[in-house]
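Reading through the structure tokens given below for one structure.
Each reported figure results from applying straightforward, stated rules to the coordinates on display, with no laboratory input. A quick note: this is a predicted structure, and the numbers were derived from the prediction, not measured. Note: ideal-geometry Cβ built from the backbone for every residue, glycine included; neighbour counts use all protein chains shown.
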Amino acid sequence: MGLRPGRPDVTATAPATETDASLLPSGGATSSSRVVNGVELHTVVAGDPDDPLVVLLHGFPEFWYEWREQIEPLVEDGYRVVVPDQRGYNLSEKPRSVRAYRLAELSRDVAELIASEGRESAHVVGHDWGGVVAWDLAYRYPDRIDRLGIVNAPHPTAYRQQLLSNPEQLRRGWYAMAFQLPWLPERLCRFDDFRLLEDALQGTAAEGTFTERELSQYRRAWRREGAVRGPLNWYRAIARHPPERRRDSLEQPTLVIWGEDDDAFVPELGLESVRFCERGRLERLPETSHWVPHERPAETIALLCDHLAGAD
């Protein structure tokens, strides 16, 4: 695919900040700064460089910190773990243009991130928008993915079909349409110390899922210059530059984990998504919201480790 393994433009450690790897209590992870696909990504890295590689992709409106509960267990299970702030988020570079957030660019970021580890391929796991990138990566760069893990992120074609046929899914996706407006969504997201973004997390999750300490870390990340505009531009870019409609099945072994009480996506999307996988497995989690890695961290890591070890 024109992406060869190597370790280009890697800074061993980034300056200590409030939202880098120092947030992890174990101290076994480090932050690095990597230039991939023309943008600088902040990346949290843990584990032996020679172990099998797992890349974890966060969603909106989070950053690498979403996967804090899963990093150490994966390392203990024998994996090298790389968790980027995706472009536009937290400590990573934040291009201004909407075009810079096309799905093709987001997928290439991850493909080159894998190459920066000196690897031909990796296991890739994504939640929410991270899952959307993971689906696209699996189609666009199939040789880059060994095993695919998806958490509450619909296959793009399944999602489009539900939007066209299910009024309930259209209702649940109202915010994505609102985000298409210029400047106003940014202003509303910043209002009252990011109350709207905080409610997107706390207000749709099980009670007690997000502690005040955790929310304070998210607010620090959102306060960074461009860290609201960048994530909103992901929504604008996918509306202006929609992904190709994919109907062929993915060959990579794929685990889809689905919290059934998701406010953003109808429950049918879990099953409809796994139907696009030749070797797919669906794990439904009842009484679980969109925020599966937070609400059910032990179940999430158990399912992922089982999947990555080769238990189809």
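Below is a table of values for the structure above.
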read-out	value
Chymotrypsin sites (Phe, Trp or Tyr not before Pro) restricted to DSSP loop in segment 178-273 with at most 13 other C-beta within 10 Å	Trp183
Distance between modelled label sites at Glu299 and Ala104, nm, 7 Å Cα→Cβ extension	3.9 nm
Ser97 versus Arg195: modelled label distance in nm, points set 7 Å from Cα along the beta carbon direction	3.7 nm
Residue-wise HN-Hα coupling along segment 36-53, computed from phi with Karplus coefficients 6.51, -1.76, 1.60 (Hz; x: Gly, Pro)	10, 6, x, 10, 8, 10, 7, 9, 9, 10, 8, x, 5, x, 8, 7, x, 8
Beta bridges per DSSP with both ends in the chain, % antiparallel, nearest 5	40 percent
Neighbour-count order for Glu283, Glu251, fewest beta carbons within 10 angstrom listed first	Glu251, Glu283
Relative contact order (%) - criterion: Cα under 8 Å, at least six apart; region: segment 10-308	19 percent
Gain in span if fully extended, Arg223 to Arg187, counting 0.36 nm per residue against the direct Cα distance	11.7 nm
Neighbour-count order for Thr288, Thr254, Thr204, fewest beta carbons within 10 angstrom listed first	Thr204, Thr288, Thr254
Sites Ser22 and Glu120 - FRET efficiency at Förster radius 35 Å, r taken between beta-carbons, to 0.05	0.65
Residues whose placed amide H lies under 5 Å from that of Val36, excluding near-sequence neighbours	Leu41
Thr204-Ala176 pseudo-label distance in nm [points 7 Å out on the Cα-to-Cβ vector]	1.1 nm
